[in-house]
Amino acid sequence: MVYTPMGNTITVGGIHTSILSAKICAEVAVASLEHGELGEAAAQRYRTEWMGTVGLELHRGRLLRHMLAQLTPSETEQLLQLFTLKEVREVMAAQGDIDFLVHLFSHLFKPAVVFRVLRALSLRLWPKLAWLLIQWYRRVSTHHPSPHARPV
């Protein structure tokens, strides 16, 4: 068994993650008992369900944290200024929640929003944003991010 930290890397919270993991575990346990599917098959089903939800959220949180840690103070200020744009404020009003930043960023990283706000971002930040978006969508398309994958 591989140890995977359960805390959110952005908010340092872990209650939501723990509850969601327990819910997945309970659902898999009930289904496994109903179908007589015990052992490795049940464990694999749990891993698959967990990676598609909790693991994906934790991976995306690590991607965000890694990108933010690489920014200079002036780049951080510029990135924060994006949150004053009308397009971003509308997404935040509809999808924002301090406890679910990955959910908010999933909506902010939709191509239509990204293309509308790029004009306000310095060209120096475009490669960092492009790296983050590529990593973000690469993991979405596979639905099985490695819990130990680290950004380069």
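Taking other Cβ within 10 Å of each residue's Cβ, how do H107, H59 sort, fewest first? Mind dumping the intermediate values first?
Working: H107 15, H59 25.
Lowest count first: H107, H59.
Cut-off under 16 Å on the C-alpha distance; same-chain residues fewer than 8 positions from K128 excluded. Which aspartates and glutamates are left, in chain and number order?
E75, E77
By how many nm would the segment from R65 to S122 lengthen if fully extended, with 0.36 nm per residue of separation less the alpha-carbon distance?
Working: separation 57, 0.36 × 57 = 20.52 nm, distance 2.00 nm.
Using 0.36 nm per residue and subtracting the Cα-Cα distance, I get 18.5 nm.
Count charges around W126 for me, please; just the other residues with Cβ under 15 Å from its Cβ, Lys/Arg as +1, Asp/Glu as -1.
On the way: positive: R116, R119, R124, K128; negative: E75.
Every neighbour counted, the sum reads +3.
Can you tell me the FRET efficiency between E90 and V30 if r is taken as the Cβ-Cβ distance and R0 is 25 Å, rounded to the nearest 0.05? Provide the component values of the computation, followed by the final result.
Working: r = 40 Å, r/R0 = 1.61.
Taking R0 as 25 Å, the efficiency between E90 and V30 is 0.05.
Mind checking which aspartates and glutamates have their Cα closer than 19 Å to the Cα of K110? Skip sequence neighbours fewer than 8 apart in that chain.
E57, E87, E90, D97
Every read-out reported here was derived from the displayed coordinates using simple, explicitly stated rules and does not represent laboratory data. As the structure is a computational prediction, the values presented were derived from the model and not from experiment. Heads up, the Cβs are rebuilt from the backbone with ideal geometry, glycines too, and the neighbour counts pull from every protein chain shown.
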